[in-house]
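These notes concern the structure reproduced below.
Please treat every number below as a calculation from the coordinates, not as lab data. Every value quoted in this text rests on a predicted model; they were computed, and no experiment measured them. We place every Cβ from the backbone using ideal geometry, glycine too, and count neighbours over all the protein chains shown.
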Amino acid sequence: MVSLVRSLGLGGIRGYEVSVECYLSSGLPSFDIVGLPDTAVKEARERVRAAVKTCGMTFPISRITVNLAPADKKKAGTIYDLPVMLGILTASSALPPLPDDLAFLGELSLTGELRPVNGALPMALCASRAGIKELFVPADIASEAAYASNVIVYPVFHVTELIEHINGIKRIKPVAAHEPCAKYDSQLDFSDVKGQEDVKRALEVAAAGGHNVLLTGPPGAGKSMLAKRLPSILPDMSREEMLETTEVHSVAGLTDRDNPIISTRPFRSPHHTVSSVAMAGGTSNPKPGEISLAHNGILFLDEIPEFPRDVLESLRQPLEDGQVTISRAASSVTYPCRFMLVCAMNPCKCGWHGHPSGRCVCSDASISRYNEKLSGPLLDRVDMYINTRSLEYDKLRQRSKAESSAVIRKRVNTAREIQSRRYKGSKIKYNAYISSKELEETCRLSNECEKLMKSAYNTLSMTARSYDRIIRVARTVADLDNAQSIEPHHLAEAIQYRGFAIGR
């Protein structure tokens, strides 16, 4: 007898439908799984056999063939344990035929308990698109899967309760999805930052437009402290952005029962010993890298000159395209990576170049070598260069509280709403990704602004890319000012953020 059970698989961060076909025939007892299974899928044979027996059911003594269709796609992981078991029980008439609008996934323990698998949300979204009405998943990932629309998600703790549900003995209660609510870390707030008003203003502009930032300054000036507080002023995530971000984190196994959805923008801060594969993503079965885990959030590189050159150069194409394609012999996977790049560095090896104390002991050649660790093409992709100065004693000892992150975030949200209305119907979400064509239409300069821009272009020896980036930042400054067009003072502020470019 042949049975068919619907299930799902993962290709990158996109789910796809998998049909688990089970055929029981006469002959010497055997158990084969076909359809390009990896080792983990093949090992399902032993987990399924043990789970069926320990749950008090009879495992059929016959020749068992399981096909995972489509057979030309590689199947990986332990997702198919549950549908394989149900297919065998259905084919042996131990269970009635299953309706075709049901789907199942999950890993089995030897005792019949269901264990969580990665990628619950993207597979649930795929189930919704495929017309599946009911989805049965391990209880630990049910809350995550329930955020998909138009599909009822049932949490399964043990195989026995699923069997009772199918036989109509005792129904499983479906999971009710709750609307995600953003929770910000109260320990990281801009109200705790003393002084540095010009830097905070620059970071507000960066947050409003999604611009890349390079913070420079001596040790102890507050570069890392300010960068870690930047997520607290980023605009609130839309539901679409939450789902996009959660898909990536789910595939990477970074969601759990207590945190099923990513409701605040991610902040990734890899150590400078990170490899290019860990940064961009990869391995034989390609997984998301740091740049994809920072999607819709921030990638913070502290002490950026200490990162390997190949790691930094791997950022160039993703910064432009907002996605990264990882190609391997068996497959090619594309992950989203639209993130804000925030970097911090000292002006020289010892860190004190240009400080009024005169403590710098670096030679000109040493300073040059240190700065040359960052290539020109990479620096050209940074929108704003912010010089962070050491705090004066009077500023350090002031007791009055600075402006809170919530107040700043309100202005940033307003600026983002202006951008959303402006780019409605296009793929552009915010100013940092305005195309050259859109620049001509939405960022027209007056004659006075043209003169100012021409002077800056020649003085700072800009490239065409840096010219575009200044216009984008100026558009963001104008949005924060709720101005319809870019005024000279908006452009002047944007040029100021580009003026300090480490000699470029």
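So if I take the centroid of the Cα atoms in the range 288-332 and the same for the range 88-108, what is the distance between those two points in Å? The range 288-332 and the range 88-108 have Cα centres spaced 41 Å from each other. Averaging over all projection directions, the Cα-based convex hull of the range 1-147 occupies 8.0 nm² in the image plane. For the range 1-81, the equivalent ellipsoid built from the Cα gyration tensor has semi-axes of 23, 14, 11 Å, listed from largest to smallest. Checking the Cα-Cα distances for 228/349; 73/133; 133/429; 183/287; 53/287 against a 29 Å cut-off, the pairs over it are 133/429; 53/287. PRE reach from residue 109 (point 7 Å along Cα→Cβ): which of the range 116-145 fall under 14 Å by backbone N? Taking a point 7 Å out along Cα→Cβ of residue 109, the residues of the range 116-145 whose backbone N falls under 14 Å are 116-117, 138-140. Taking each residue as 0.36 nm, the span from residue 320 to residue 426 lengthens on full extension beyond its C-alpha to C-alpha distance by 36.5 nm. Under 5 Å between amide hydrogens, built in the peptide plane, is the criterion, and for residue 281 it picks out 289, 290 among residues at least 5 positions away or on other chains. Here's the picture: a label point sits 7 Å out from the Cα of residue 274 along the beta-carbon direction, and within the range 191-231 the residues with their amide nitrogen under 18 Å of it are 211-215, 224-231. Averaged over residues, the count of other Cβ atoms within 10 Å places the peptides 178-187, 237-246 in the sequence 237-246, 178-187, highest first.
Given only helices, namely DSSP H runs of n ≥ 4 each adding -39500 (n - 2.57), what is the per-residue ellipticity at 222 nm of the chain, to the nearest 500 deg cm²/dmol? Calculated at 222 nm, the ellipticity per residue is -10000 deg cm²/dmol. Each Lys and Arg contributes +1 and each Asp and Glu -1, all at the Cβ; summed about the Cα centre of the chain, the dipole is approximately 540 debye. Helix 197-209 axis versus longest C-alpha principal axis of the chain: approximately 40°, rounded to the nearest ten.
You can think of it this way: the chain between residue 130 and residue 54 has 24.0 nm of extra reach, that is 0.36 nm per residue less the Cα-Cα gap. Listed by chain and number, the aspartates and glutamates whose alpha-carbon sits under 19 Å from that of residue 410, ignoring those within fewer than 8 places in the same chain, are 185, 189, 192, 197, 198, 204, 236, 241, 479, 481.
In plain terms, the chain from residue 313 to residue 414 could stretch by 32.9 nm, reckoned as 0.36 nm per residue minus the Cα-Cα distance.
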